[in-house]
Amino acid sequence: MFIIKVKEELIQHCTQQISKYNFGKRSQANGTPEQQLTGIIGQSVIMELFGIGIYIFCSYHKNKKELTICGWITKEDFIQKRRFYKKGSTRTRSDNSTFQTFSDLYEIDNTDLNQVNSLNELKNELVQL
C-alpha cells in the first residue's frame, strides 16, 4: 500500500466537472455530488498516472488530499474472489461500525489484492499484464 498526494489543480478540475455534469446516471445509488467527486478524483489520478482502465483499488482522504493505492487485481480474479451484497445489507467496517448499503454492491478484501508499495512497482506489474 502506498499514498499519492493529489494535486490541487486536479481537485479543482474534478470539482468543476462535478458542478457541470451529473455523473450519477444510474437508476439508483448515484451518490451525492461529494461522493461522485471522491470517485472522480480517484479515477482521474489513476488515469493521469497510467492512461489505462484496470481494477486498481484506491481510497481518497479528502481532508489530507491523499489517494491511497490499496492494490490491484485482474478482472478474472476479481470475479472469482468478490462477494455480493444486496441493497439494504448491513455491512460491518474494520472498526466495527456498521452501515446499510444503498445499492447492490460487490466487495473484495484488500488481502485479495496484488499488493504494491510504490508507483514504480505498480507500473512494472501492470506492464507485465
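The values are calculated or read from the model by the stated rules, or taken from the named source; none is laboratory data. None of the values given here were measured: they were computed from a predicted structure. All Cβ positions, even for glycine, are placed from backbone atoms using ideal geometry, and neighbour counts span all protein chains on display. Remember, those area values only see protein heavy atoms, side chains included, never the ligands or the DNA or RNA. Shrake-Rupley method; radii C 1.70, N 1.55, O 1.52, S 1.80 Å.
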Note to self: Quick test of your reading of the structure: S89 fulfils all but one of (1) touching a residue at least 40 places away in the same chain (Cβ under 8 Å); (2) in contact with a Ser or Thr (Cβ under 8 Å, 6 or more places away or on another chain). Name the failing condition by number.
What the structure shows: (1)
Notebook entry, point to check: Scanning the stretch 60-78 for residues that are over 11 Å from N114 (Cα atoms) and of a type in the set (S, T, Y), which turns out nearest to the chain's Cα centre (by Cα)?
Noted result: Y60
Note to self: Looking at the stretch 100-107, can you tell me whether even one residue there is surrounded by 14 or more Cβ atoms within 10 Å (Cβ to Cβ) and more than 15 Å from the chain's Cα centre (by Cα)?
What the structure shows: yes
Notebook entry, point to check: What strands (runs of 3 or more DSSP E) completely inside the stretch 45-96 contain at least 2 residues that are surrounded by fewer than 14 Cβ atoms within 10 Å (Cβ to Cβ)?
Noted result: 83-85, 90-92
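Against the condition at pLDDT 85 or above, surrounded by 10 or more Cβ atoms within 10 Å (Cβ to Cβ) and either of a type in the set (D, E) or assigned to a helix (DSSP H, G or I) (or both), how does L37 come out, does it pass? Please lay out each step first, then the result.
Details: at pLDDT 85 or above: yes; surrounded by 10 or more Cβ atoms within 10 Å (Cβ to Cβ): yes; either of a type in the set (D, E) or assigned to a helix (DSSP H, G or I) (or both): yes.
Yes; evaluated as a whole, the condition is true for this residue.
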Next item on the list: Spot the failing condition for Y21; the list is (1) within 22 Å of V6 (Cα to Cα); (2) open to solvent by less than 40 Å² (accessible area, probe 1.4 Å); (3) among the hydroxyl-bearing types (S, T, Y), and only one is missed.
Entry: (2)
